[in-house]
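Read through the structure below, which is laid out as structure tokens, and then see the notes.
The values are calculated or read from the model by the stated rules, or taken from the named source; none is laboratory data. Because the structure is predicted, anything quoted here is derived from the model rather than measured. Quick reminder, even Gly has a Cβ in these numbers, built from the backbone with ideal geometry, and neighbours come from all protein chains shown. Side chains are part of the model used for accessible areas, which takes the heavy atoms of the whole protein and leaves out ligands, DNA and RNA. Shrake-Rupley method; radii C 1.70, N 1.55, O 1.52, S 1.80 Å.
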Amino acid sequence: MTGTLVDITHVSKTFDLGQGKTLQAVRDVSFAVEKNSICVLLGPSGCGKSTILRMIAGLETATEGEIVIGGRTVDGPGRDRGMVFQAYTSFDWLSVRKNVEFGMKVNNVPAQERRGRADHFLNLVGLSKFADAYPSQLSGGMRQRVAIARTLANDPEVLLMDEPFGALDAETRWLMQELMIDVAEKTNTTMVIVTHDLEEAIFLADKIIFLSSHPGRLKEEIVPAFKQGARIADKEHIIRLDGYSDLEEHLMRLMREEGHRDV
Ligand code: ADP
Ligand code: MG
């Protein structure tokens, strides 16, 4: 890891709800994402995680503060950022390979290079055998792997993921988390991942940004020290490490402090 790639300073977001009403979703949040690291935004539902991610993506504008990526201030979407959403966003009329090639085609990448890069990233996510299949023939986890391959093939500096495995069953989710560790190790892609799942956060994060509930403020910035700066490739290994359950307990306490007590 070499320095900061994404710098978020004193960012607030107030939505205009019309008829003179406003809603502050994010209040004075500052944090940095190191190059080649995985940063996880964690917090209770409605605390502003997606809003922060969308501001990094340039899909929402910060009301106050600034987001700088690699020295450039964000003022809209750009090819330096790639986003993976929870809902599967594949083009059902295109084969898996054509889905992965799509962004490159839009960006006028020559056909041969497109094909090579598509095959490379399909291999990375374990879908080489399904290159000629159509998304409707794939499981949810496989479709999400298509979305990840397609986004990575555009060579973003930052991969942004909003609850990317939220729609998957537990076992698939677990395999996808392991896949992301593998992808991070092999591609050195900087990632910002939104989740409300504590285990997912602990497993994936080099750094956890815990947000307090409404309006979202930075409650705690946590580096999982028990990993000793390394990433752990499989889940059955990480849960046995000293410090894992202490961190899980700590996050549970934070979540309970911030959780909605009126449910
Ligand atoms: P999270 O992803 O942590 O669940 P969100 O960022 O989606 O939270 O939402 C934070 C708050 O901002 C919520 O109260 C939500 O209703 C509100 N919000 C999000 N997007 C909009 C919008 N486009 N217009 C108005 N309010 C919004
Ligand atoms: Mg959200």
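Couple of notes before you dig in:
- Residue in the range 30-38 that is within 16 Å of ligand 1 (Cβ to nearest atom), closer than 26 Å to residue 217 by Cα and over 16 Å from the mean Cα position of the chain (by Cα) present: no
- Annotation note: of 123, 107, 154, the sole residue that is over 30 Å from residue 249 (Cα atoms) and touching a Gly at 6+ places or on another chain (Cβ under 6 Å) is 154.
- Among (1) open to solvent by 40 Å² or more (accessible area, probe 1.4 Å); (2) within 17 Å of the chain's Cα centre (by Cα); (3) farther than 28 Å from residue 259 by Cα, the one test that residue 87 misses: (3)
- Here residue 256 passes the criteria (1) within 14 Å of residue 201 (Cβ to Cβ); (2) open to solvent by 100 Å² or more (accessible area, probe 1.4 Å); (3) charged (D, E, K, R) except the one numbered (1).
- Qualifying residues in the range 39-64 (those that are away from ligand 2 (no atom under 13 Å from the Cβ) and open to solvent by 40 Å² or more (accessible area, probe 1.4 Å)) - the one nearest to the chain's Cα centre (by Cα): 61
- Candidate set: the range 123-135, residues that are in a helix (DSSP H, G or I) and more than 11 Å from residue 98 (Cα to Cα); chosen: the one most open to solvent (accessible area, probe 1.4 Å): 129
- Residue 74 hydrophobic (A, V, I, L, M, F, W, C) and modelled with pLDDT of 95 or more: yes
- Of all residues in the range 68-77 being open to solvent by 10 Å² or more (accessible area, probe 1.4 Å) and of a type in the set (A, V, I, L, M, F, W, C), the one that is farthest from ligand 1 (Cβ to nearest atom): 68
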